[in-house]
Amino acid sequence: LTTDQAWISGGTSYITLRAYAALTGASLTWDGRQAILEREELLLQAQPGEIYLTANQRPLYIAGGVLVVDGKMALPLRTVAQATGAQLTWDAQRGTAVLNTEGAVPARADYDEEELDWLARIISAESRGEPLLGQIAVGNVVLNRVADSRYPDTIQGVILDDNYGIQFEPVANGTVYQEPTQSAVLAAKLCLEGASVVEDCLYFFAPALSPGTWIVNNCTYVTTIGCHQFYR
């Protein structure tokens, strides 16, 4: 491909949707808000500036967002591989990324409804009104705890954990049982698809609402997203 069709920037390989469509025989259209790419078992939708795309109803996180370069929409090759089921490898000798689409079968959305519901509920209750990135971060903390041997090994178990006192304020005040917002459901799906924005953080708090004394004194600060500070 030519450098206006695909390139490497900051260690990330990109390809334009137009080039991918031309090479794979996919149709590419624009509905005034988003690009729609269709091919066999794949329906991919991407909106400029968003931090995710949707492939067969699976939202997939894009760290740098959906780019538009010289009027052409571009996506990371890694995300394209994840969306399409293609195999992505790196040829170190040639310094070239290789996307193999032969036999690729795009995956479809398949979530455990109970896990999705609990994760969406805690995200909604803890970060209602926060940017999508901040909502993903809250979900990351919950999933990081699920993976940590010091905490319960299920999403519901982590949320309702009271081994050292109630861990999440929405459990104490009951807001975790309210219907989650659509953005919280989206954030939960992104987390379950592997989106990670706060590394291995296990704690967060909102300084405007709580001093977070124990966290500040015992944990390592990582970042602030929206109204929350995140710690490991």
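One table, with the values for the structure above:
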quantity: Per-region count, the stretch 155-181, residues of a type in the set (Phe, Trp, Tyr) and either in contact with a His (Cβ under 9 Å, 6 or more places away or on another chain) or under 16 Å from Leu202 (Cβ atoms) (or both); calculated: 2
quantity: Residue in the stretch 215-232 that is surrounded by the fewest Cβ atoms within 10 Å (Cβ to Cβ), counting only those that are more than 21 Å from Ile123 (Cβ to Cβ) and of a type outside the set (A, V, I, L, M, F, W, C); calculated: Asn217
quantity: Residue within the stretch 193-206 that is assigned to a helix (DSSP H, G or I) and either under 28 Å from Gln82 (Cα atoms) or open to solvent by less than 10 Å² (accessible area, probe 1.4 Å) (or both) present; calculated: no
quantity: Residues satisfying the stated conditions in the stretch 120-149, i.e. farther than 15 Å from Val198 by Cβ and in contact (Cβ under 8 Å) with a residue 60 or more places away in the chain; calculated: Ala120, Arg121, Ser124
quantity: Some residue of the stretch 190-202 being modelled with pLDDT of 95 or more and in contact with a Gly (Cβ under 6 Å, 6 or more places away or on another chain); calculated: yes
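The values are calculated or read from the model by the stated rules, or taken from the named source; none is laboratory data. Treat the numbers as computed from the prediction; the structure is a model and nothing was measured. Note: ideal-geometry Cβ built from the backbone for every residue, glycine included; neighbour counts use all protein chains shown. Surface areas here come from the heavy atoms of the whole protein model, side chains and all, with no ligands, DNA or RNA. Shrake-Rupley method; radii C 1.70, N 1.55, O 1.52, S 1.80 Å.
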